[in-house]
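To start, the structure itself, in structure tokens.
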Amino acid sequence: SNEEFEEQIDSLETQDRFGLSFEEFKRISLRPSKLFKELERWTASIPFSSLVGSALCPIAERSAKKDPLRSISRCSEEILSVLCEQIKDGIFLLLKSHCQKLKDAYDIVDGKKKVLGAPDDQSKFSVSTMSCGSISAFYDGLGSRVGFPNLQFMEAMEKEHRSKTKFTPPNYAITTCPADEWRVVVECDVSVEKEYNGQRRRIPNYSKLSKSDQAKPESQRAGLTQEEIIAVILYTGPMFYIYNMVLRRWPKDQYESLNGNMYSTTIHCLVSGVTKISRVTKLREDLLLYRGIGGLLLPDQFYRAPEGGYKGFVEWGFLSTTSKKSVAVEYTGIAKGRSFPTLLQVRPAAVDHGGDISEYSQFPGESEFLWNPCSLLESNGEPFLEVTKFGIITIIPVRMNNNVKTMTVEQLLEQKKRMHISGFEYLLNEVKF
């Protein structure tokens with residue numbers, strides 16, 4: 001399109017020259033358009049290669065089985081012509097089948113709009129832009145967001161969870177309060193272990209997880225304290241909603257109703273636990289993680305760099321991802337007609353990856369990998385569409401930098417110890433001299 005052509009010209013560094021060289025013009029002309037890339041991604045999902053491979057198998061089997069490609073390399077034009085005729089009908093059937101799936105998916109999307117009374121631009125849906133921080137927030141630290149912890153960890157955490165104000169997180173049909181959730185986790189109340197949205201809730205025994213002889217090898221290596229384990233277990237249930245509300249300061253009315261309770265000690269213990277777990281989390285080479293969002297638009301700085309800055313944004317809250325794509329699709333709300341269903345697709349790196357908290361989870365079937373607050377998200381490729389049984393979904397490849405700048409509980413205690421020793425040494429020197 002003309003717009004794409006103009007964007008490509010603007011992207012070239014012409015410096016002080018006027019106009020384009022022939023080589024630059026040729027490079028722009030031959031560059032694939034966004035339309036082509038989108039069609040290429042969709043056609044890549046059609047198993048044409050399996051069809052061709054099946055047609056070539058008989059030729060390879062009649063020749064040297066140890067070197068099938070050598071057999072294929074000797075095919076005459078006549079044989080290849082016959083093969084093309086054979087697979088022509090197969091190509092037609094594959095295209096017909098996948099076009100029908102695509103049509104069915106769009107019919108579902110259009111049907112939801114009709115049922116919900118929304119026009120084509122979906123303006124009637126409740127859609128907002130994600131609240132986030134600039135890249136500078138990555139370096140500011142957790143303390144600037146929620147304050148600093150009380151080092152009497154268990155006592156402080158219990159005080160932070162005394163509220164009996166009821167809330168219902170959007171992803172679980174559970175109405176509860178912080179006081180009840182503290183009791184459920186600390187007292188291992190199994191009476192709440194039942195199904196919610198098709199998933200069974202179970203309360204891990206934090207006491208057993210804190211004993212090295214009863215924990216899995218990964219948990220033993222992580223070396224979590226009792227307070228850290230409780231914080232992680234609490235997060236995997238309804239309390240995730242409260243902790244992220246504090247970090248994001250949104251929804252504003254609910255955040256203000258907390259009356260200044262920032263859950264500082266709990267959040268610091270949770271970050272400490274996640275940091276330790278991420279250090280010992282084993283990753284498959286082909287592992288992809290997904291984050292499902294719906295009814296939200298990514299901020300402009302994800303797509304366009306601010307003046308003098310870089311593209312990307314900082315997520316204020318903890319960011320849950322899953323290795324199960326189907327779980328992330330469910331969280332987009334696409335089945336319920338939520339607008340702009342989107343998956344963030346993350347390829348974990350050797351250092352930058354979340355912690356696998358499945359062992360501590362109240363919903364272990366979610367295969368959750370948790371990232372710390374104030375982690376950085378950057379684009380890592382072109383977005384593309386994918387057909388699901390619920391409709392069309394947008395997949396955005398992203399790169400994440402896990403924020404591990406916050407001190408662990410041991411480092412906090414060591415810092416306090418060093419400060420006391422330094423204070424005593426100062427007083428001692430004052431007395432001496």
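Within segment 83-107, take every residue that is surrounded by 13 or more Cβ atoms within 10 Å (Cβ to Cβ) and aliphatic (A, V, I, L, M) and give me the one that is nearest to residue 390 (Cα to Cα). Only one residue tops the list, namely 105.
Of all helices (runs of 4 or more DSSP H) completely enclosed by segment 36-132, which ones contain at least 2 residues that are at pLDDT below 85, out of contact with any Pro (no Cβ under 7 Å at 6 or more places or on another chain) and basic (Lys, Arg)? Outline the logic, then answer.
Working: elements: 48-62, 68-73, 77-116.
Per the criteria, 77-116.
Taking the criterion of being modelled with pLDDT of 90 or more and under 26 Å from the mean Cα position of the chain (by Cα), the residues of segment 177-205 that qualify are 178, 181, 185, 201, 202, 203, 204. Taking the residues in segment 41-73 that are loosely packed, with under 11 Cβ neighbours inside 10 Å and among the basic types (Lys, Arg) as candidates, determine which candidate is farthest from residue 384 (Cα to Cα). Selected residue: 62.
Hey, among the residues in segment 162-211 that are hydrophobic (A, V, I, L, M, F, W, C) and assigned to a loop (DSSP other than H, G, I, E, B), which one's most open to solvent (accessible area, probe 1.4 Å)? Break it down stepwise before answering.
Applying the first criterion (hydrophobic (A, V, I, L, M, F, W, C)) to segment 162-211 yields 167, 173-174, 177, 179, 182, 184-186, 188, 190, 192, 203, 209.
When the remaining residues are screened for being assigned to a loop (DSSP other than H, G, I, E, B), the result is 173-174, 177, 188, 203.
Working: 173: 75, 174: 11, 177: 3, 188: 34, 203: 16 Å².
Among them, the one singled out is 173.
Looking across segment 345-371, just one residue is over 17 Å from residue 271 (Cβ atoms), at pLDDT 95 or above and of a type in the set (A, V, I, L, M, F, W, C), and that is 346. Remark: residue 310 matches the filter, which requires a residue to be aromatic (Phe, Trp, Tyr) and either farther than 24 Å from residue 141 by Cα or open to solvent by 10 Å² or more (accessible area, probe 1.4 Å) (or both).
Checking each residue in segment 323-333 for being open to solvent by 10 Å² or more (accessible area, probe 1.4 Å) and not in a loop (DSSP other than H, G, I, E, B) picks out 325, 326, 327, 329, 330, 331. Selection of segment 212-222 for residues being in a loop (DSSP other than H, G, I, E, B) and hydrophobic (A, V, I, L, M, F, W, C) yields only 215. Meeting the requirement of 3 or more residues that are more than 12 Å from residue 318 (Cβ to Cβ) and open to solvent by less than 50 Å² (accessible area, probe 1.4 Å), the helices (runs of 4 or more DSSP H) wholly within segment 230-291 are 264-280. Looking at the structure I just gave you, is residue 320 farther than 24 Å from residue 155 by Cβ and crowded, with 20+ Cβ neighbours inside 10 Å? Yes: the conditions hold for residue 320. The strands (runs of 3 or more DSSP E) located wholly in segment 342-433 that include 3 or more residues which are touching a Leu at 6+ places or on another chain (Cβ under 7 Å) and either open to solvent by less than 30 Å² (accessible area, probe 1.4 Å) or in contact (Cβ under 8 Å) with a residue 40 or more places away in the chain (or both) occupy 391-401.
The values are calculated or read from the model by the stated rules, or taken from the named source; none is laboratory data. Everything quoted here is computed from the prediction, not taken from an experiment. Every residue, glycine among them, receives a Cβ derived from its backbone with ideal geometry; neighbour counts consider all protein chains shown. Ligands, DNA and RNA are excluded from the accessible area calculation, which covers all protein heavy atoms including side chains. Shrake-Rupley method; radii C 1.70, N 1.55, O 1.52, S 1.80 Å.
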